[in-house]
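Below: one structure, written as C-alpha cells.
The values are calculated or read from the model by the stated rules, or taken from the named source; none is laboratory data. If you're wondering where the values come from, they're calculated on a predicted model, not measured in any experiment. All Cβ positions, glycine included, derive from the backbone under ideal geometry; neighbour counts span all protein chains shown.
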Amino acid sequence: MKSFFIGNTEVKTPIIQGGMGIGISLSGLASAVANEGGIGVISCAGLGLLYSEEKGDYAQKCIRGLEEEIRKARQKTNGIIGVNIMGVLSNYADMVCTAIREKADIIFSGAGLPLDLPSYLTQGSSTKLIPIVSSARAAKIICDKWQKNYAYLPDAIVVEGPKAGGHLGFKKAQLKDENYALESLVPQVLTTISAYKDIKNIPVIALSARDDMHEKEYQEAGFSAYLNKPYTPEQLYSRVNDLLGCAIEMNQPTTQTSDKNAPYNLDMIMVFADNDKDAANQIIGSFISDCKTNFQLLAQHLESHETEQIAKLAHKMLPMFKQLAINDVIPSLLFLEKMPLDTEENKIRESIEKILQEGNNVLQLLEKETRQ
C-alpha cells in the first residue's frame, strides 16, 4: 500500500485506527497501530470513568486520564498518535487543550462542526487538526470559518458516508440513496477542497464501514487515502490479516450473560474484551455509570423543555445500547433522536419515562452480571 502525507508527516501504512469509546481505543491499541506505521487513535470519551480513583471532579479525572493515555502511548511508540474528540462532548474544550498540551500528533473531531478548533492551538504547537464531515457543505463551512477567523485550513479532511457508522446525521431514508453514497460525496468534497489548493494541500480521507471496496477503487474515486471501518469482528480480523499478511484467528466470544432471556446481549462486549471477563466488566461498569448520568440529564432536559438537547443526548446514547442489543430501550431512543422540535411534550415524556424504567431495570441486571 502507498504511504501518504498529512502536512510534513508521512503515514507509512495508510491505516487509521478508529477512536472507539468507552475504554476500547486507549494507549495499548493506539501504540500497537502506530508501531506498524499507521495512525493510532486514543478515544477521550468517558476517560473520567476509567480514572475514577484520580482526585477531583469528573472533568478533572478526564483531563488526567487523557494525559496518562497519551504519555503511556509515547512510552510504547515513536509512531503517530492521534486523539478522537467528539464535538458533542460537554468537556470538549478540556480534551482539545489537553491533547495539544500533551503534543498529540493529530486531533480528529466529528459529531458536530468543530468551527473553533484552531482557536485552541498554542504558539509552537504542532498538533494537526482533522475534521470529520459527511458533506461538501460541511467541509466548505469549516474551511471558510477556519480561514477567516484563524488563517488556518484543515491539515486533512475525513469524509464519511451514511454507512460509516457512528455519529453521522444522515436520515434513515438516505442510507440506500445513491445521492448520499460515499462515492457520490467524493467529487463534491474534492471540488470544494480544490478551491484552497493554492493555499494548502488538504488530503481527503475516505471513511467507510464497507469492506467490499478496495484501495484501487478509492484512488480512482479521487481520495488521497482511505479508512475502512469493518462493522463486524470477522471483517476486522480478515482486513488486518490481509493488510499485514498474517493469520490472526479470532477468539469466539464466551457468553458472559447468565440469563439467556436477559434483555441484553454481551457477545460483542466479550469480543472487544478478547473474552477477558475483568475487561468486559470494566466496559460494562463504564456503561452503567454513563447511563446513570445520562438518565438524570434526560429528566432535567424534559423538565426544562429542552427538546433539542434531548435529541442530542439520545443520539449520543444509541451506539452502546445497540452494541448491547438492549432492544426494549432502542426504539424510544430512536424516536427521541429523530423527533421534530415541535413534537408534543406528552409523547416525549412517555418515551423518556419508558427509557428510564426499562433502562434502570437493565442496569440492575448488568450490575448483577459484573458481581458474578
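Scan the range 290-302 and tell me whether some residue there is touching a Phe, Trp or Tyr at 6+ places or on another chain (Cβ under 7 Å) and hydroxyl-bearing (Ser, Thr, Tyr). It would help to see each step written out before you state the result.
Residues of the range 290-302 that are touching a Phe, Trp or Tyr at 6+ places or on another chain (Cβ under 7 Å), as a first pass: none.
Among the residues of the range 290-302, not one is touching a Phe, Trp or Tyr at 6+ places or on another chain (Cβ under 7 Å) and hydroxyl-bearing (Ser, Thr, Tyr), which makes the answer no.
Every residue in the range 29-48 that is under 17 Å from the mean Cα position of the chain (by Cα) and not β-branched (Val, Ile, Thr), please.
29, 30, 40, 43, 44, 45, 46, 47, 48
In the range 119-147, which residues are modelled with pLDDT of 90 or more, part of a helix (DSSP H, G or I) and surrounded by 18 or more Cβ atoms within 10 Å (Cβ to Cβ)?
120, 139, 140, 142, 143, 146
Out of all the residues in the range 101-118, which are surrounded by 17 or more Cβ atoms within 10 Å (Cβ to Cβ) and charged (D, E, K, R)?
Hits for the range 101-118 are 102, 105.
Only one of 77, 98, 9 is at pLDDT 90 or above and buried (at least 22 other Cβ atoms within 10 Å of the Cβ); which?
Within the list 77, 98, 9, the selection yields 98.
So, in the range 335-357, of the ones that are more than 16 Å from residue 263 (Cα to Cα) and touching a Leu at 6+ places or on another chain (Cβ under 7 Å), which residue ends up surrounded by the fewest Cβ atoms within 10 Å (Cβ to Cβ)?
First, pick out the residues of the range 335-357 that are more than 16 Å from residue 263 (Cα to Cα): 335-353.
Those left that are additionally touching a Leu at 6+ places or on another chain (Cβ under 7 Å): 337, 348-349, 351-352.
Numbers: 337: 16, 348: 20, 349: 13, 351: 23, 352: 23.
So, considering only residues that are more than 16 Å from residue 263 (Cα to Cα) and touching a Leu at 6+ places or on another chain (Cβ under 7 Å), the one surrounded by the fewest Cβ atoms within 10 Å (Cβ to Cβ) is 349.
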